[in-house]
Amino acid sequence: MRHAKAGQPTGVPEPDWPLTDEGERQAEALASFLAAQGIDHIYASPFLRVQQTVAPTANRTGDHVHILEDLKERRLAETPIDDFVSALRDSFTDDTLRLPGGETLIECRTRVRRVIDHISARHAGQTIAVCSHGAAIASLISDLDDVDGFDLWQSLTNPHVIELTVHDGTYGWRNIGGEDAYV
């Protein structure tokens, strides 16, 4: 799933951006939905907004949140980009495109796929909640299926739930949707 709505406070590094008041409300609503799914384990990106998104779910299920570095957001470039959307679109078109200090789409896909493979192998047959970021999620899904990753990224809301299933090493996915889909 993608994290709930976060703020972008001036002078605060991106990994430390917190949820907004609306995001906190979304995280509570998401927790009700996820708890009803019988979550066995919770994994999250190290970014604050992601941890804040899954905290209410962990409180309801009594589970510990496992933080994995490889669930972090894709680093498109070392410094802010004036036209982020165009740069991201270009990177989905050319998966080897590397902006200064950034990560290629191939590197992001490989990183996220590796961690999802690890989680699914470790918890085969269980229901796992994994919370990450839009570009990381879109890169994974576009690797698993013939979908346009950029279009998928544009369609993802904050928060957004995608169900990923694994059967005999084969992945399937279903777009459950944003807040209106599960509240």
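The values are calculated or read from the model by the stated rules, or taken from the named source; none is laboratory data. The structure presented is a predicted model; accordingly, all values stated were derived computationally and were not measured. Note that each Cβ is placed from the backbone with ideal geometry, even for glycine, and that neighbours are counted across all protein chains shown. Just the protein is used for accessible areas: all its heavy atoms, side chains included, with ligands, DNA and RNA removed. Shrake-Rupley method; radii C 1.70, N 1.55, O 1.52, S 1.80 Å.
Observations on the model:
- Alpha-carbon centroid distance for the pair segment 1-72 / segment 81-104, whole angstrom: 26 Å
- Rg/Rh for segment 59-109 (Cα atoms only, Rh after Kirkwood) is 1.17.
- J(HN,Hα) series, segment 61-66, from Karplus relation 6.51 cos²θ - 1.76 cosθ + 1.60, nearest Hz, glycine and proline x: 8, x, 8, 7, 8, 8
- HN-Hα J in Hz across segment 118-134 - Karplus 6.51, -1.76, 1.60, θ = phi - 60°, x for Gly and Pro: 4, 4, 5, 5, 5, 10, 3, x, 9, 9, 10, 9, 10, 10, 9, 10, x
- Within the chain, helix-based [θ] at 222 nm, where runs of 4 or more DSSP H residues each add -39,500 (n - 2.57), nearest 500: -13500 deg cm²/dmol
- Peptide ranges 26-39, 43-56, 70-83 listed from the most packed, as the mean C-beta count within 10 angstrom indicates: 43-56, 26-39, 70-83
- Label corresponding to Cα extents along the principal axes in Å when calculated from the structure given, among (1) 66, 49, 30; (2) 118, 34, 29; (3) 42, 42, 27: (3)
- Fraction of alpha-carbon pairs over 17 Å apart in segment 123-182 - percent: 38 percent
- Residue-level accessible surface for T165, protein heavy atoms, 1.4 Å, Å²: 50 Å²
- Annotation: amide H-H contacts under 5 Å for H66 (H modelled 1.01 Å from N, sequence separation of 5 or more, or interchain): I42, Y43, A44.
- Relative counts (whole %) of C-alpha pair distances in segment 1-78, using bins that are 10 Å wide: 20, 51, 25, 5
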